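Asker: Please find one structure pasted underneath; my questions will follow.
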Amino acid sequence: MKKKRLIPILLLRNGFLVQSKEFRRFQNLGNPITAVKRLSEWACDELIYLDITKDSTYDMRRDDLGHPNRNNLLDIISDVSKECFMPITVGGGIRTLHDIESRLSVGADKISINTKALENPSFIGLAAKEFGAQCIVVSIDVKNIDGNSRVMFGGCTKATKYTAIEWAKQVEHEGAGEILLNSVDRDGLKIGYDLELLESVSAHVQIPVIACGGVGEWNHFTEALEKTKVDAVAAANIFHYSDQSVYLAKKHLFEQGLNVRSPELLEIV
C-alpha cells in the first residue's frame with residue numbers, strides 16, 4: 001500500500017524564509033537554505049517550496065556564512081536543491097512552459113501552479129504533456145464565503161466562480177498529477193485542518209490531494225489521515241520552532257499505526 005506522506009512547506013518572500021498567517025501577515029524567519037538542510041536531516045518525505053514574492057526583489061541584505069546573498073529565484077532554487085535530499089516541489093510566479101523548464105533545470109522535481117491555471121485551465125494540460133503529469137501540482141486556495149468553499153486568487157483576496165470541488169474536478173480533467181489544497185481560513189491559526197473541505201475534495205477526485213492549512217499540533221496530521229482520503233499532509237509554521245520537528249511528527253504518526261514511513265534521522269555531511 002502506498003505510504004502517506006508528511007511534507008513541510010517553506011514560504012519564500014523577497015529572499016527571506018517567512019511564516020504566514022491568514023495570507024496577510026508575514027514574519028521573517030531568516031535564511032531559506034539553512035532550513036532546507038535541517039529538513040533533509042530530519043528525513044522528510046518531500047518538500048514544497050513556494051515563492052510568494054509580489055515583485056522581483058530577492059535580497060536578504062546580508063551574506064550568511066556559506067550562503068551568499070541571491071538576487072533571483074533560480075539561484076535560490078539551485079542553492080536549495082544542493083541541500084535537499086528529497087523530492088522538491090517549487091511554486092510561485094509560473095506563467096509559461098519556459099518558467100517550468102527553468103525551475104526543473106536547476107533542481108526542482110515538481111512544479112506547483114495556481115494563478116496561471118485559473119487564468120488558462122488548458123495550461124495545465126500543456127504542462128502535463130510537456131513535462132509529465134506527475135510533475136504538475138495545482139495549488140488550490142479555498143475560503144469559506146457564505147457557506148460555500150470558494151477558490152481564491154489575487155493573493156487570496158478575490159473569489160473565483162469555482163467551488164473547491166468544481167475546480168478540483170476540472171484540474172484533474174485538465175491533466176494535473178496532484179492537488180495542493182489549502183484552507184485560507186485556517187492559515188497560521190493552529191486550529192487544525194478543515195476536515196470537511198479535505199474530505200469533500202479528496203472524495204471527488206482520483207489524483208492525490210495534499211492537505212494544507214491550520215496545523216498546530218501533531219494530532220492534526222493524524223486527524224486528516226484518519227478521517228479523510230488525502231494522500232499527504234503538509235504544513236509550514238509548525239516545523240520552524242521545534243527541534244527535529246519532522247522526525248517527531250512522523251514518529252507520532254508511526255506510533256499511531258498510520259501508514260507512513262518509519263521515522264529516522266539522517267547524518268548529512
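The values are calculated or read from the model by the stated rules, or taken from the named source; none is laboratory data. All values derive from a computational prediction rather than experimental measurement. Here the Cβ is made from the backbone with ideal geometry for all residues, glycine too, and neighbour counts use every protein chain on show.
Asker: Looking at (1) crowded, with 17+ Cβ neighbours inside 10 Å; (2) among the acidic types (D, E); (3) modelled with pLDDT of 90 or more, can you tell me which one E83 breaks?
Answerer: (3)
Asker: Still on this structure, I have one more. Given the condition more than 19 Å from S112 (Cβ to Cβ), surrounded by 20 or more Cβ atoms within 10 Å (Cβ to Cβ) and charged (D, E, K, R), answer yes or no: does some residue in the range 194-203 qualify?
Answerer: Within the range 194-203, one or more residues are more than 19 Å from S112 (Cβ to Cβ), surrounded by 20 or more Cβ atoms within 10 Å (Cβ to Cβ) and charged (D, E, K, R).
Asker: Listed residues I145, I136; which is surrounded by fewer than 16 Cβ atoms within 10 Å (Cβ to Cβ) and among the β-branched types (V, I, T)? Give the derivation first.
Answerer: Working: I136 fails: surrounded by fewer than 16 Cβ atoms within 10 Å (Cβ to Cβ).
So the residue among I145, I136 that is surrounded by fewer than 16 Cβ atoms within 10 Å (Cβ to Cβ) and among the β-branched types (V, I, T) is I145.
Asker: Within the range 8-36, can you find the residues that are modelled with pLDDT of 75 or more, touching a Cys at 6+ places or on another chain (Cβ under 7 Å) and outside any strand (DSSP E or B)?
Answerer: Scanning the range 8-36 gives a single hit, V36.
Asker: Can I ask one more? If V215 passes every condition in (1) within 21 Å of Y49 (Cβ to Cβ); (2) in contact with a Cys (Cβ under 7 Å, 6 or more places away or on another chain) but one, which one does it miss?
Answerer: Here V215 meets the rest and fails (2).
Asker: Sticking with this structure for a sec: Regarding the range 148-162, can at least one residue be identified that is touching a residue at least 60 places away in the same chain (Cβ under 8 Å), surrounded by 17 or more Cβ atoms within 10 Å (Cβ to Cβ), farther than 20 Å from A249 by Cα and among the β-branched types (V, I, T)?
Answerer: Within the range 148-162, not a single residue is touching a residue at least 60 places away in the same chain (Cβ under 8 Å), surrounded by 17 or more Cβ atoms within 10 Å (Cβ to Cβ), farther than 20 Å from A249 by Cα and among the β-branched types (V, I, T).
Asker: Does the range 190-208 include one or more residues that are among the basic types (K, R), touching a strand residue (DSSP E or B) at 6+ places or on another chain (Cβ under 7 Å) and within 21 Å of I52 (Cβ to Cβ)? Steps first, answer last, please.
Answerer: Kept after step one, since they are among the basic types (K, R), are these residues of the range 190-208: 190.
Restricting the remaining residues to those that are touching a strand residue (DSSP E or B) at 6+ places or on another chain (Cβ under 7 Å) gives none.
The answer is no, given that none of the residues of the range 190-208 is among the basic types (K, R), touching a strand residue (DSSP E or B) at 6+ places or on another chain (Cβ under 7 Å) and within 21 Å of I52 (Cβ to Cβ).
Asker: Here's a follow-up. In the range 146-177, how many are closer than 19 Å to Q134 by Cα and out of contact with any Cys (no Cβ under 9 Å at 6 or more places or on another chain)?
Answerer: Just the residues of the range 146-177 that are closer than 19 Å to Q134 by Cα, to begin with: 167-177.
Still in the running and out of contact with any Cys (no Cβ under 9 Å at 6 or more places or on another chain): 167-176.
Of the residues in that region, 10 qualify.
Asker: So which helices (runs of 4 or more DSSP H) stay within the range 93-199 end to end and still have 1 or more residues that are among the acidic types (D, E) and either at pLDDT below 95 or within 24 Å of L6 (Cβ to Cβ) (or both)?
Answerer: Details: elements: 97-105, 115-119, 122-131, 164-174.
In the range 93-199, the matching helices (runs of 4 or more DSSP H) lie at 164-174.
Asker: Something else about it: Considering E178, E217, which residue is charged (D, E, K, R) and touching a residue at least 60 places away in the same chain (Cβ under 8 Å)? Walk me through how you get there before you give the answer.
Answerer: Values: E217 fails: touching a residue at least 60 places away in the same chain (Cβ under 8 Å).
Of E178, E217, the one residue that is charged (D, E, K, R) and touching a residue at least 60 places away in the same chain (Cβ under 8 Å) is E178.
Asker: Okay, moving on. Looking at the range 216-229, can you tell me whether even one residue there is at pLDDT 95 or above, part of a loop (DSSP other than H, G, I, E, B) and surrounded by 18 or more Cβ atoms within 10 Å (Cβ to Cβ)?
Answerer: Checked the range 216-229: at least one residue is at pLDDT 95 or above, part of a loop (DSSP other than H, G, I, E, B) and surrounded by 18 or more Cβ atoms within 10 Å (Cβ to Cβ).
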